[in-house]
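Encoded as structure tokens, the structure appears first; notes follow it.
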Amino acid sequence: MSKPTYYITTPIYYPSDKLHIGHSYTTVACDALARYKRMQGYDVMFLTGSDEHGQKIEDKAKAKGVTPKEYVDDIVASIKELWKLLGVSNDRYVRTTDEYHVQTVQKVFQQLYEQGDIYKGVYKGHYCKPCESFWTDSQLKDGKCPDCGRDVYEAEEEAYFFKIGKYAPRLLKLYEENPEFIQPETRKNEMIAFIKQGLQDTCVSRTSVKWGIPVSFDPSHTVYVWVDALSNYISALGWGNDAYDDYEKYWPADIHMVGKEILRFHTIIWPAILMALDLPLPKRVFGHGWVLLDGGKMSKSVGNVVDPVILCSRYGADAIRYFLLREIPFGNDGNFSNEALISRINADLANDLGNLLSRTVSMAEKYFGGVVRKQDPEGEWDEELIGMIGACPEKTTACMDKLLLPQATMEIFKVVQRANKYIDETAPWVLARDEANKDRLEGVLYNLCEALRTAAILLAPFLPFTAPKIAAQLGLDEAALAFEGFAYGAVERYTVHKGEALFPRIDAAKELAELEAIRAEKQAAAAEKEPPKAQPAPAENIKPLEHLPEITIDDFCRCELRVAKVLACEQLKESKKLLKLTLFDGERERTILSGIAKWYRPEDLTGRNVGIVANLAPRPMLKGAYVSEGMVMAADTADGGALVTFFPDSAVPGSLIH
């Protein structure tokens, strides 16, 4: 009987520079899911790779005096080393410079052109080189790229366009009939709003960028990034090429895992292309949140990144994997800080897991020469621990099936924490004082070994380097970590062997001081290489500060500022200035009309957390046609615009703003 299949993909990463901890987060999450499915008996195809074409690569290679291929070869080598360091178990690595991928992309483009879904025209608009993205006037923020905040330049060139609007009705029907296609659920409204505004034909070729896949029937054009990059999910299986023969076996993908910033491309452009090709659609696209540093998204373009290689060298790969999978609320944004990392290592890995193993093995060696056998359970403490051991696999699997990765690790650590409490309740050191308690003492230590075996099995997808070490100290080989061996009492006897501490406790104050010294040293070195940039002169047209009369703290406390989630947003036909926002304020839905339509599109706001003045008296607007129940917080900009205050996805609607 053949195994059920499971196809999981990461986005393919842009090798313009070394990857940061945010990229590691995506890949480690996919790896944990892939490992868990393999453990359950699935035939898994886990794909990752690199998106190697584009103008930015071309420019960087030229600056270094190498060819684009030489440039990306070096970066890709470092990516593969990073995945090896982190224990990533991908089955295949696709590169958009691979010849088989080129064949597939050219076939996709040719077929779409021949059936009339692609046509030649002229592109006019704004282009952001760091993001490799085109933007319209309305999409720019303060005249700059809405994603990275950098300058854009005017672009006009001959290009081919994909008739994506043709597939808008089918896309909306897809979302309606397959409610799990876009996850988390909160992001679906953004895609629906974007489509309902009207899909503009998508630019799918460039003539000004030479580093790319040439259009087979018009070599002056290179295929633009989203047709090139997105096609990797089928090229790596052999569709349109003869390098592999896995397409029929694994497609459609069970899940595409992507960052939320590219969810639109994967849930609108990619399914539209597949519809045009008459190919099956992926089952799920999950847009996870960002790993934030000092409140902002980590980005190579912005320059605020954390190097995972340095973290792994100091704390070990499993500590980094665990932090990412446990600390970051999957689907929402999460914060990275050295303090949080060290705290999580000390609390969960050193104090809970490492301490449990060390105490159990030490007592087994001290009281029984390292050999403990199964004994009949006694009392409610045994029953509670054994019950948790038995229920843990099902609970963990339920979390993994729902992509609740942090909750899955929490279920496992509930057993670990209960086992630590069990030690305190049963007090083995007291039992050891009386020979009459020998069987009871052995039963207690056996139960602790069983708890550790269960934890090792279930933690193997999350901590692939640590789980075998736990098994070894319990006297088991890696075969004992099989998913089928969960049943309590499956191992009749343990012969334990004391080993090194799994996660030595970190002196937080000392470590943070060292990390700060390293940061300061790197910052100083970077400053020496790059002269300080001239500070811009104050804008001449900015309004002078206007000071209102002083107020007391009691006056301020009368103003209720809260976080609210934008559920829907639309441009009012009656006013070019006003957007109508439907928000959830933690208690109820409310409507706010905000005069920011000049600077924000509805899709820029839908699904985002904003700050609102919650206790502003309702105000009739547009001759009483609407009632606005509050005000959205925004800052003035130098050019007279507005800059809305956004909060990360982890901010809970209804939270007070102080």
query = Can you pull out the helices (runs of 4 or more DSSP H) entirely within the stretch 373-446 that have at least 3 residues that are under 30 Å from Gly287 (Cα atoms)?
reply = 379-401, 405-426
request  = Return the pairs, sorted by first residue and then second, in which the second residue is in a helix (DSSP H, G or I) and open to solvent by 70 Å² or more (accessible area, probe 1.4 Å), the first residue lies in the stretch 354-381 and is more than 30 Å from Ile506 (Cα to Cα), the beta carbons are less than 7 Å apart, and the residues are 6+ apart or on different chains.
outcome  = Gln375/Asp439; Pro377/Glu383
inquiry  = If the requirement is being surrounded by fewer than 19 Cβ atoms within 10 Å (Cβ to Cβ), at pLDDT below 85, within 26 Å of Lys141 (Cβ to Cβ) and more than 30 Å from the chain's Cα centre (by Cα), which of these qualifies: Pro549, Pro620, Pro538?
reply    = Pro538
query = Do we have Pro219 as more than 21 Å from His126 (Cα to Cα) and in a strand (DSSP E or B) here?
reply = yes
inquiry  = Can you say whether Leu567 is open to solvent by 40 Å² or more (accessible area, probe 1.4 Å), touching a helix residue (DSSP H, G or I) at 6+ places or on another chain (Cβ under 8 Å), closer than 24 Å to Gly287 by Cα and in a strand (DSSP E or B), as far as the supplied structure shows?
reply    = yes
remark   = All conditions in (1) open to solvent by 40 Å² or more (accessible area, probe 1.4 Å); (2) part of a helix (DSSP H, G or I); (3) more than 25 Å from Leu33 (Cβ to Cβ) are true of Glu484 except (3)
ask   = Of all residues in the stretch 67-110 being open to solvent by 50 Å² or more (accessible area, probe 1.4 Å) and either touching a His at 6+ places or on another chain (Cβ under 8 Å) or not in a helix (DSSP H, G or I) (or both), which is nearest to Thr27 (Cα to Cα)?
value = Asp91
note = If we ask which residues in the stretch 612-657 are out of contact with any strand residue (DSSP E or B) (no Cβ under 7 Å at 6 or more places or on another chain) and either free of Cβ contacts under 8 Å to residues at least 40 places away in the same chain or among the basic types (Lys, Arg) (or both), their number turns out to be 3
query = List, please: which pairs have Cβ atoms under 8 Å, are six or more places apart or on different chains, and start with a residue in the stretch 334-351 that is closer than 16 Å to Pro406 by Cβ and touching a residue at least 12 places away in the same chain (Cβ under 8 Å) and end with one that is of a type in the set (Lys, Arg) and crowded, with 17+ Cβ neighbours inside 10 Å?
reply = Arg344/Arg326; Asp348/Arg326
request  = Go through Glu248, Glu261 for me and flag whichever is outside any loop (DSSP other than H, G, I, E, B), at pLDDT 95 or above and out of contact with any helix residue (DSSP H, G or I) (no Cβ under 7 Å at 6 or more places or on another chain).
outcome  = Glu248
message = Filter the stretch 302-343 down to the residues that are surrounded by fewer than 19 Cβ atoms within 10 Å (Cβ to Cβ) and either at pLDDT 95 or above or among the hydroxyl-bearing types (Ser, Thr, Tyr) (or both) and list them by number.
response = Ser313, Ser337, Ser343
request  = Exactly one condition in (1) more than 25 Å from Thr222 (Cα to Cα); (2) among the acidic types (Asp, Glu); (3) free of Cβ contacts under 8 Å to residues at least 40 places away in the same chain is not met by Asp142; state its number.
outcome  = (3)
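The values are calculated or read from the model by the stated rules, or taken from the named source; none is laboratory data. Treat the numbers as computed from the prediction; the structure is a model and nothing was measured. Every residue, glycine among them, receives a Cβ derived from its backbone with ideal geometry; neighbour counts consider all protein chains shown. Just the protein is used for accessible areas: all its heavy atoms, side chains included, with ligands, DNA and RNA removed. Shrake-Rupley method; radii C 1.70, N 1.55, O 1.52, S 1.80 Å.
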